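Read-outs throughout are calculated quantities, based only on the coordinates presented, and are distinct from any laboratory measurement. As the structure is a computational prediction, the values presented were derived from the model and not from experiment. Here the Cβ positions follow ideal geometry from the backbone for every residue, glycine too, while neighbour counts run over all protein chains shown.
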Amino acid sequence: MTSDSPAEPGGPAAELRRRWAATVARTRGAAGPDPAPYAENLLARWAEPQRRYHTVAHLAAVLERIDELAPYAADPGTVELAAWFHDAVYRPDRSENEERSAALAERALPELGLDAGRTAQVARLVRLTVSHDPEPGDRDGEVLCDADLAVLAGTPDAYAAYAAAVREEYAFVPDPDFTAGRAAVLRQLLGLPRLFRTPLGQERWEGVARHNLATELALLTG
């Protein structure tokens, strides 16, 4: 796994590099290849020009939410690794992004020296972000999905910025088609019995997120 181009040296990327190295050291439990080139590859992916929402800033935000939710996780380090990979492959014109991201983790993590069990768990968690619907008792799945969906519980301005960034990623889609597709996504999320599965997520984010989703749906379809 090699890097095609370096991410910007300053800003959130510098802290993310440090965090990546610490997470790898904590989860592989033994010496292995230098994790830095893998960080560069991942950060370059997250900085690709087609991204407007699924950016380095989103990665950093998900990791911050994982920090908040870490007491609920069975293995926070594995959840962090899954966050790094969950949108590492992202093309808005393709539907297999999560599968390709999971496959990337399955190639990269053994190279880094992580064991087969943890690699499989990371890949499973990445694939779970297709539905954001973990099974009851899947503590790591609950934490990753809650962290990924926490953006839905932003302030009105923050949510509007998120929705606008999503639209920009799909700028190649005509308005009627985007409206239909986005409305279907919103209805799928609103149809979940619970958006957030952790106690913290349910308490802090559930009501606000549902209000934001319903408001966007009304604006799209009204």
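Here are the numbers:
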| item | result |
| --- | --- |
| Rg(Cα)/(2.2 N^0.38 Å) for the chain, N = residue count | 1.00 |
| Label-point separation in nm, R124 to D93, each point 7 Å along Cα→Cβ | 3.6 |
| Gap separating the Cα centres of segment 155-222 and segment 25-73, nearest whole Å | 24 |
| Per-residue HN-Hα couplings for segment 192-200 [Karplus 6.51, -1.76, 1.60; θ = phi - 60°; Hz; x = Gly/Pro] | 5, x, 9, 6, 10, 9, 7, x, 5 |
| Sequence ranges 177-186, 194-203, 144-153, 47-56, ranked by mean other-Cβ count within 10 angstrom, highest first | 144-153, 194-203, 47-56, 177-186 |
| The chain: calculated mean residue ellipticity at 222 nm from DSSP helix runs of at least 4, using -39500 (n - 2.57) | -20500 deg cm²/dmol |
| Extension gain from A103 to L192, taking 0.36 nm per residue of separation minus the Cα-Cα distance | 29.3 nm |
| Whole-number Å³ per residue for the convex hull built on Cα positions in segment 58-189 | 112 |
| Backbone N within segment 140-173 under 13 Å of label point (7 Å from R204 Cα along the Cβ vector) | 146-155 |
| Contour minus Cα-Cα distance for A36 and A57 (0.36 nm per residue) | 5.6 nm |
| Built amide H within the under 5 Å cut-off of V89, gap 5+ | S101 |
| Principal-axis tilt of helix 139-149 within the chain, Cα atoms, nearest 10 degrees | 50 |
